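Below is one structure, written out as structure tokens; comments come after it.
The values are calculated or read from the model by the stated rules, or taken from the named source; none is laboratory data. This is a predicted model, so every value here is computed, not measured. Positions of Cβ are backbone-derived with ideal geometry, glycine not excepted, and every protein chain shown enters the neighbour counts. The area values use the complete protein model at the heavy-atom level, side chains included, leaving out ligands, DNA and RNA. Shrake-Rupley method; radii C 1.70, N 1.55, O 1.52, S 1.80 Å.
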Amino acid sequence: MSKTIRIGHITPSSNTALEPLTYAMNEPLKHRMTHHFSRMTVTHLALSGSSEAQFQLEPMLAAARLLADAPLNAILWNGTSASWRGLENDVALCEAITRETGIAASTTTIAFCKTFRENSWRRIALAVPYTSDITGQIGVEYARQGFEVVGAASLGARENIEIGATDPEPIRRLLRAAAQSKPDCIAVVCTNFNATELVEEMEAELGIPIVDSIAITFREACLMTGVDLAIPGWGQILAGN
């Protein structure tokens, strides 16, 4: 395999945020690491049968198989559905991807939990675009994993296209609202929600670490493949291991 590290990402079909942001974060590493994407159908987020059907194992494996046609070092599910569906779903997904392709796998939600534990962050505030029922279910799942959601701010959006079109100012307001609970960190749980470009600015304003979904998935790819992180401009999570 080439010395270039190649990362495959399984991506929600309606996502417009994570690909350009991943390329932007990768700019300092562009001669060492490349990113490649395979899409699967995801259009809306809800606690409903139609939403649940989007996240079944076989469509994700189909996307992983397409990625595995290329020489890759890792495959990641760049999505947060296990944050409300249950972490065990992502664990099973990673095991299935590796079993079928021989390629190491991880996910955004796995990366969140690892990062919380590495930093001893137990009191988490949520800043999310979702409806209140999904937001509440994330709190339930985080509690199952040993974390306490001490505050939550949500926009109430259901359609992923709407989430991807959110302007910066509503995201700033969401982060400020989440910060009121004085958590150990703020988790931005959605890979189609561009808090990513605001993290450094808002960490400076709020004095609280912000764990952004797109950035934490990028970080997980680097950790999986032994790439040292010291990327300025994206907040403390990418500033160094």
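Using the crude model of +1 on Lys and Arg Cβ and -1 on Asp and Glu Cβ, and no other charge, please compute the dipole size for the chain relative to its Cα centre, in debye to 20.
Numbers: 19 positive and 26 negative charges, 76 e Å.
Taking the Cα centre of the chain as origin, the dipole is about 360 debye.
Once all Cα-Cα distances of region 56-169 are split into 5 Å bins that start at 0, what whole-number percent is in each one?
Per 5 Å bin, starting at zero, the Cα-Cα P(r) for region 56-169 comes out as 2, 11, 19, 19, 17, 16, 11, 4, 0 percent.
Kirkwood hydrodynamic radius (Cα pairs, Å) of region 114-174?
Mean inverse Cα-Cα distance, inverted, gives 12.5 Å.
Provide Rg over Rh for region 112-241; use the alpha carbon set for both Rg and the Kirkwood Rh (inverse mean inverse pair distance).
Answer for region 112-241: 0.94.
Which of the listed residues, Met60, Pro170, Ala157, is farthest toward the dipole's positive end in the chain, when Lys, Arg count +1 and Asp, Glu count -1 at the beta-carbon?
It is Met60, whose Cα lies furthest towards the positive end.
Mean separation of Cα pairs under 8 Å and 6+ residues apart, divided by the residue count of region 1-160: what relative contact order is that in percent? Walk me through the numbers before you get to the answer.
Details: 255 pairs, mean separation 37.3, N = 160.
The value is 23 percent.
How much mean residue ellipticity at 222 nm does the chain get from its helices, if each DSSP H run of length 4 or more adds -39500 (n - 2.57) and you divide by all residues, to the nearest 500 deg cm²/dmol?
Roughly -12500 deg cm²/dmol at 222 nm, from the helical runs in the chain.
Please identify, among Asp184, Asp90, Asp69, the residue showing maximal mean-square fluctuation in a Gaussian network model of the chain using a 10 angstrom Cα cutoff.
Looking only at Asp184, Asp90, Asp69, the largest GNM fluctuation is found for Asp69.
Relative contact order of region 124-241: what whole-number percent is it, with Cα pairs under 8 angstrom and at least 6 residues apart?
24 percent
By accessible area of protein heavy atoms, probe 1.4 Å, what ranking do Lys3, Lys30, Lys182 get, highest first?
Lys3, Lys182, Lys30
Across the chain, what fraction of all alpha-carbon pairs, as a whole percent, falls in each successive 5 Å bin from zero upward?
Percent of Cα pairs in each bin: 1, 7, 15, 20, 21, 18, 12, 5, 1, 0.
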